[in-house]
Amino acid sequence: MKTFDYKYSILKYYHSPSLGECINIGILIYFTHSNEFTFIYSKKLNRIRSIYDNVSEKLIKYYLKEIDQKTQKLNSKAYNNQNQLNFKLNFDEIILESLLPKDGSSLQFSKVFNNFQLGNSNTKISKFLYQKFLLEKDYKTDLNKDYFLAKKFYNNLKSKLGEKIDNDKFKKNVHVRNETGVEFKFNYAWINGKTNLVKPLNFDLSSSKNISDKAHKSYGLVIDLEQIAKTQNYSFNFIVGKPKSNEFLREYNHSISLLKRLEIINIVEEDEIDGYTDEAIQYISK
């Protein structure tokens, strides 16, 4: 049986190039035996929305459709036959010249990887790479659990205080800008001498790697806002969801320890929400 190879490059979204943080949002694949390109990408951008609030989804989706259309052009019969040799030898150049130049924008392709199909169809390889690198379903679930954690805290407040919440000491949807003017949203904020910025942080994910990635992004967020926090007397209160699987507890505990290294971070685990709510109530009730 003849073994065919394929090449692929991962399209990454860099929210803050200076921090080096990135999220996979697409994959370009070239199947050498059929001389065919395939571009698969995230349709809903759940991975980005689960972490960043100030994202131009419309612009990102525009670029994704542009890349998809350009990929289809590469597969057109006349163009394809004329450039088959170049496709095989110069995949990097094809990306830069025909799809997306490396110009410092928020979307960039990774280096090119090579692998063998081992008898698998193009469709099966595409599905495998999508599940491995994009994980759309996991992040959609993550969004729902983040919402639940934040809502549980707020519902506790409402059930105990009703309309007796002092709106000068409790705010919803609070935006904080970093030193370059980029905004980050926190679900709630309450004041007790300092401003406690409340944000859910669900770690009930499908792998240790996902837990680690989310912890490091949250850590990076606080580092980015650290100087602002000192001048404005902010404290970052993460309401944390624990993984249900014991398999991921080691990484969960490591992630919690990492976040606690910063004194301006306060960790509230899910079973501590009631006590945390009672603490807030002492300061925000009329």
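The values are calculated or read from the model by the stated rules, or taken from the named source; none is laboratory data. No experiment lies behind these values; they were computed from the predicted model shown. We place every Cβ from the backbone using ideal geometry, glycine too, and count neighbours over all the protein chains shown.
See the values below:
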| quantity | calculated |
| --- | --- |
| Residue satisfying condition, being closer than 22 Å to E183 by Cβ, surrounded by 15 or more Cβ atoms within 10 Å (Cβ to Cβ), among the β-branched types (V, I, T) and assigned by TED's automatic domain parsing to the domain that holds N167, within set I256, I264, I273, I228 | I264 |
| Residues satisfying the stated conditions in segment 272-286, i.e. under 32 Å from the mean Cα position of the chain (by Cα) and aromatic (F, W, Y) | Y276 |
| Residue identified as in contact with a Pro (Cβ under 9 Å, 6 or more places away or on another chain) and in contact (Cβ under 8 Å) with a residue 12 or more places away in the chain among V222, V240, V198, V268 | V240 |
| K12 being farther than 20 Å from F133 by Cβ, touching a strand residue (DSSP E or B) at 6+ places or on another chain (Cβ under 9 Å), modelled with pLDDT of 85 or more and outside the structural domain of D146 (by TED's automatic domain parsing) | no |
